[in-house]
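Okay, structure first, notes after.
Nothing in this text is a laboratory measurement; each read-out follows from the coordinates by a stated rule. All values derive from a computational prediction rather than experimental measurement. Cβ placement follows ideal geometry from the backbone for every residue including glycine, while neighbour counts extend to all protein chains displayed.
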């Protein structure tokens, strides 16, 4: 994997860099950490292009690198719906929308779960996306108080259900003999955000998350995950500099 820090619009990729699959997003965890981790678990040699948003107090330059590049990507037809994240692979794969990207990666690199039918996988994948989406949205528009309420009141019941899906932390989602799959990756990335919020906002773990630490350790013990966490995994910031929560 190659990590690029991008500060100028002319450096925003318009095509796969050096012929490698190329993921482009902000220099934050946001919507892209599950994609980054999935590609890493699959041992894909990819380019992780991270755009610096800049100083939100400077309205003339804030997000300018992306906004200028977005116009080029759209006006030239390189992307039908230019947005972040986007993913380019070969001559034909040009994707936006985080869920579309993560499912493409999972399908191509055999990261779909094997212990359930596809319709159940799709439902569970969308569930995690909803939790993550709410966390991201409220980090920008709600702030610490809303995030705190979500962690205290919204998350516990969800964790109780996911504990059953994750075998009470005794195995990954595909069971004792299964390999890590895309649901493990998405769930793990969301659980990291829950842990981050608990620490930042002094929230005690709830009773329903007794399985979480053991489960997260199972994910972290996967060799590719362990190596990534120790190297290029983007632990923080979770969000861009103008967010009301987790912007640093």
Query raised in the report: With each label point set 7 Å from Cα along the Cα-Cβ vector, what nm distance links residue 200 and residue 64?
Result: 2.8 nm
Query raised in the report: Under a plain spin-label model, where a point goes 7 Å from the Cα along Cα-to-Cβ, how far apart in nm are residue 248 and residue 179?
Result: 4.2 nm
Query raised in the report: Most fluctuating residue of 194, 212, 93 in a GNM of the chain with Cα springs under 10 Å: which is it?
Result: 93
Query raised in the report: Cα axis of helix 98-108 to longest principal axis of the chain: angle in degrees, 0 to 90, nearest 10?
Result: 80 degrees
Query - Net lengthening on full extension, residue 93/residue 160 (0.36 nm per residue, minus Cα-Cα) - result: 20.3 nm
Query - Degrees separating the helix 118-141 axis from the principal Cα axis of the chain, which is the longest one - result: 70 degrees
Requested in this report: Could you please state, rounded to a whole Å, how far the C-alpha centre of segment 112-175 is from the C-alpha centre of segment 1-78?
Outcome: 26 Å
Requested in this report: Taking only Cα atoms and a 10 Å spring cutoff, compute GNM fluctuations for the chain and point out the largest among 136, 35, 203.
Outcome: 203
Report summary line: Extend 7 Å from the Cα of residue 149 along its Cα-to-C-beta direction; within segment 212-248, residues with backbone N under 17 Å of that point are 244-245
Query raised in the report: In whole Å, what three semi-axes, largest first, describe the equivalent ellipsoid of segment 2-108 built from its Cα gyration tensor (square root of 5 times each eigenvalue)?
Result: 22, 15, 12
Requested in this report: Please give the FRET efficiency for residue 112 paired with residue 134, using the beta carbon to beta carbon distance and R0 = 25 Å, rounded to the nearest 0.05.
Outcome: 0.50
Query raised in the report: When volume of the Cα convex hull per residue in Å³ is calculated directly from the model, which label among (i) 122; (ii) 139; (iii) 177 fits?
Result: (i)
Requested in this report: Please report, in Å, the Rg and the Dmax of segment 48-110, where both are computed over Cα atoms only.
Outcome: 13.8, 44
**Report entry** DSSP-defined beta bridges in segment 2-108 - what % are antiparallel, rounded to 5
**Finding:** 40 percent
Report task. On a 0 to 90° scale, report how tilted helix 155-165 is relative to the longest principal axis of the chain, with both axes built from alpha carbons and the result rounded to the nearest 10. Result -> 70 degrees
Query raised in the report: Can you give the three extents of the C-alpha atoms in segment 118-222 along their principal axes, from longest to shortest, in whole Å?
Result: 41, 28, 22
Query raised in the report: In a GNM of the chain with a 10 Å cut-off on Cα contacts, which of 77, 169, 133 has the highest mean-square fluctuation?
Result: 77
Report summary line: Subtracting the Cα-Cα distance of residue 170 and residue 213 from 0.36 nm times their residue separation yields 14.4 nm
